[in-house]
Amino acid sequence: MNAPTRINSALNVRDQFPALGNWHYLDSAATAQKPQAVIEAITDAYSRDYATVHRGVYERSATMTDAYERSRAAASKLIGGKPNELIFTRGATEAINLVARTLPKEGRNRVLLSTLEHHSNIVPWQLAGYEVDAVPLTPDGQIDLDAAEAMLSEKHCVVAFAHVSNVLGSILDARRAAAIAHSKGALLLLDGCQAVPRLPVDVAALGADFYAFSAHKLYGPTGIGCLWGRAELLAAMPPWQGGGAMIDTVSFDRTTVLDPPARFEAGTPHIVGAVGLHAAVNWVENLGLDAIHAHECALVAQTRDALRAIPGVTVYGPDDSAGIVSFNVDGVHPHDTATILDDAAVAVRAGHHCAQPLMRWLGVEATARASFAAHSDGADIEALVKGIEQVKRVFA
Ligand SMILES: Cc1ncc(COP(=O)(O)O)c(C=O)c1O
């Protein structure tokens, strides 16, 4: 057997991921593997530097507080925001719930979503009592912004779209989405979970009002994510969880709360998570998000061509999708596809990907999904294609 070719390995960072070995990990859209630099930052934080933040008067606590706040500054800078505009949350899901629960509706009770949203950008709005409208998709699986423009009304408080679809990889024209939202006085929330690890993001240039993402998809730890919001919007939002760290004064008669971001960070935060996130931000910045994006686009183009060349394989989504390709093998349930691929050391996700309305739009119950990262390369694609040929042989 020929040695696997590592074509498209321009970034050459695979060796920095100790958990990869010879495994073809194509599930980075679910969660990214961690580079050694992030693992070491987390290990050092627990084994050498650990202390609480914001409350301790001793030196190590002050140092840890500094590290926590430097992470906030780095995460906000990564997306073109200011530190006081970035709230640490448990993840993107909590970030969207925070906005849905606390944004003053100002008499507008509707939210405009799209058909391709992750459940994390649907259910929080429903639970917060919003009436939901869903924009259809173009035939190749992009959010139809002409339709969005026609559907938006003065009753909509928020337009909330995925910046990059977690199933199809479709990239939103976020600037146009912002212009449409603002034309009717609505705010634009971007779910940036899949965009931040894959594209350069600048919230100011995009015209976003809120931006949500998770550290664990950005090569960082689980349990921490970010909500960026325009300062004046955050200032007008009440706290949604109470406890330590978010108060100014407390008495049984009256409690006063701090300004954002502290207002929204009740309780002891994920201190080491913030340290790990900072290391992840440094890691992607060193590599360059332009370079990561170009690398993943090349892999996606190659994957789409290879899959389309296999008879009986359906590939979904637009050609210029960012790092994510969904597909199905005719007559084979994606769970079976993923199980056979697993035997060939290829890890893909199979299921509805927390996007059931999108599955209905595609007319399927589920898809298989290959998603790439900075460490992915041509050998991963070769293994995927060989695995799919095996799927076809098994089900012939
Ligand atoms: C587009 C998108 N939005 C939201 C989420 C939710 O992220 P988390 O589970 O990290 O909160 C995901 C995770 O898969 C996602 O892909």
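Quick notes on this one:
- Taking Cβ atoms as reference points and 15 Å as the exclusive limit, the residues near residue 341 contribute a net charge of -2, counting Lys and Arg as +1 and Asp and Glu as -1.
- Prolate/oblate/rounded label for the chain (Cα gyration tensor, a/c 1.5): oblate
- For segment 225-246, backbone nitrogen atoms closer than 17 Å to the point 7 Å from residue 259 Cα along Cα-to-C-beta are found at 229-239, 246.
- Within the chain, the longest segment free of exposed loop sites, counting chymotrypsin sites (Phe, Trp or Tyr not before Pro) that fall outside DSSP classes H, G, I, E and B and have at most 11 other Cβ atoms within 10 Å, spans 59-251.
- Protein accessible area in the chain, 1.4 Å probe - carbon and sulfur %: 52 percent
- Set 34/77; 184/217; 217/392 screened for pairs whose C-alpha atoms are more than 26 Å apart: 184/217; 217/392
- Under 11 Å, Cβ to Cβ, from residue 120 - net charge with Lys/Arg +1 and Asp/Glu -1: -3
- Rounded to 10°, Cα long-axis angle of helix 174-183 versus longest principal axis of the chain: 50 degrees
- Segment 143-212-segment 340-396 distance, computed between alpha-carbon centres (Å): 28 Å
- Anisotropy class of segment 1-133 from Cα gyration tensor, a/c 1.5 cut: oblate
- Charge tally in the Cβ shell below 14 Å around residue 220, where Lys, Arg are +1 and Asp, Glu are -1, residue 220 excluded: +2
- DSSP-defined beta bridges in the chain - what % are antiparallel, rounded to 5: 55 percent
- Computed over segment 246-364, the percent of Cα pairs more than 17 Å apart is 74.
- R0 of 41 Å, Cβ-Cβ distance residue 46-residue 204: FRET efficiency to nearest 0.05: 0.70
- Rounded, prolate or oblate (a/c below 1.5 giving rounded, otherwise prolate when a/b exceeds b/c) for segment 140-253 by Cα gyration tensor: oblate
- Secondary structure note: in segment 93-168, about 10% of the DSSP beta bridges are antiparallel.
- The angle separating the long axis of helix 334-343 from the principal Cα axis of greatest extent in the chain is about 80 degrees.
- Across segment 19-142, the mean sequence separation of Cα contacts (distance under 8 Å, 6 or more residues apart), normalised by length, yields a relative contact order of 13 percent.
- Relative contact order (%) - the chain, alpha-carbon pairs under 8 angstrom, separation at least six: 24 percent
- Summary: within the chain, the longest segment free of trypsin sites (Lys or Arg not before Pro) located in DSSP loops with at most 11 other C-beta atoms within 10 Å is 56-253.
- A probe of 1.4 angstrom, applied to the heavy atoms of all protein chains, finds residue 154 with accessible area near 110 square angstrom.
- 0 to 90° range, to nearest 10: angle between helix 271-287 axis and the chain longest Cα axis: 50 degrees
- Per residue of the chain, the DSSP helices (runs of n ≥ 4 H) give a summed -39500 (n - 2.57) that works out to -11000 deg cm²/dmol at 222 nm.
- Backbone N under 16 Å from the residue 344 label point (7 Å along Cα→Cβ), restricted to segment 355-373: 368-371
- Between residue 155 and residue 249, full extension at 0.36 nm per residue minus the direct alpha carbon distance yields a gain of 30.1 nm.
- The mean sequence distance of close C-alpha pairs (under 8 Å, at least 6 residues apart), as a share of the length of segment 108-173, puts its relative contact order at 42 percent.
- Segment 231-342, accessible area per residue, ligands and nucleic acids excluded (1.4 Å, Å²): 43 Å²
The values are calculated or read from the model by the stated rules, or taken from the named source; none is laboratory data. Since this is a predicted model, take the numbers as computed values, not measurements. As a convention, Cβ positions derive from the backbone with ideal geometry for all residues, glycine included, and neighbour counts pool all protein chains shown. Surface areas here come from the heavy atoms of the whole protein model, side chains and all, with no ligands, DNA or RNA. Shrake-Rupley method; radii C 1.70, N 1.55, O 1.52, S 1.80 Å.
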